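Novice: Submitted below is the structure of interest, expressed as structure tokens.
What follows is calculated from the coordinates using simple rules that are stated; it is not laboratory data. Given the structure is predicted, the values throughout are model-derived calculations rather than measurements. Cβ sites come from the backbone with ideal geometry, for glycine too, and all protein chains shown count toward neighbours.
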């Protein structure tokens, strides 16, 4: 029988890490929640009741049944490089990084005493930090795991997310299309609008909606681009080719069928 989880360590108590802690609490977790983050962040997290205490990584990991890495990707890689020295034998380590192949490969090379399962909750906000943490952030959203793990699967169900099991490489290929490409499209559109003086005067909801992702900070996306460049390059090529096709079809009756097919796809996406 698997021993009960009594201590969870959240490494990176920001929006995602803080939301995961709050979601676990709301789902009924009554054990200790330890935060590992900057002094300013853990001070806010303690004041908001997101965590019970704050400790350095070595001290926290030595007590943890589960370690949840919610840092930027490069920091996750660095933490994985050091974590096996501190983690208890048999502890479960998971992460919330936006790309998976490099993280999972790094974990396989560095984690020996503990077990690791990659994770990626497909949820977020424009606002960042533990102040924006929300117990309902994951409800109804896909939550990817790179392998089956009963304890994590139980928690994902409890916080209201939709479990998806994907191979790390397949995950990176798919999120390049549905997450990383939209960010680049939004950024490109916002930059084009900025170069056309006066366009902001007539911009309506369409422009606001489509440029929402351009508000995302580059410091998050830098690591995503660095760890998933081949997949992103491939979907960019496909999208650019599709735009060129639409350019040719602007005055063609074929455009009606393109709109119908796209509308059908959009409706399916909204069904979740």
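Novice: Measure nothing but the geometry: give the 0 to 90° angle between the long axis through the Cα atoms of 101-110 and the longest principal axis through the Cα atoms of the chain, rounded to 10°.
Specialist: 20
Novice: Continuing with the same structure: Gain in length, residue 131 to residue 243, computed as 0.36 nm per residue apart minus the alpha-carbon separation, to one decimal in nm?
Specialist: This chain segment gains 36.4 nm when fully extended.
Novice: Right, something else. Residue 209 label point, 7 Å along Cα→Cβ, cut-off 20 Å on backbone N: hits in the range 253-272?
Specialist: Of the residues in the range 253-272, 256-272 have backbone N under 20 Å from the label point off residue 209.
Novice: While we're looking at this one, here's another question. Return the FRET efficiency for the residue pair residue 259, residue 154: r is the Cβ-Cβ distance, R0 is 51 Å, and the value is rounded to the nearest 0.05.
Specialist: That gives a FRET efficiency of 0.75.
Novice: Does anyone have the angle between helix 218-249 and the longest principal axis of the chain? Alpha-carbon axes, 0 to 90°, nearest 10?
Specialist: Relative to the chain, helix 218-249 is tipped by roughly 20 degrees.
Novice: I would also like to ask the following. Treating the angle as unsigned and between 0 and 90°, give the value, to the nearest 10°, between the Cα long axis of helix 181-194 and the longest Cα principal axis of the chain.
Specialist: The helix 181-194 is inclined about 50 degrees to the chain.
Novice: Taking the Cα atoms of the range 157-254, what is the range of coordinates along each of the three principal axes, in descending order and whole Å?
Specialist: 46, 31, 29
Novice: Can you sort 68, 218 so the residue with the fewest Cβ neighbours within 10 Å comes first?
Specialist: 218, 68
Novice: Taking 7 Å along the Cα-to-C-beta vector as the label spot, tell me the residue 236-residue 27 distance in nanometres, rounded to one decimal.
Specialist: Using points 7 Å along Cα→Cβ, the separation is 3.6 nm.
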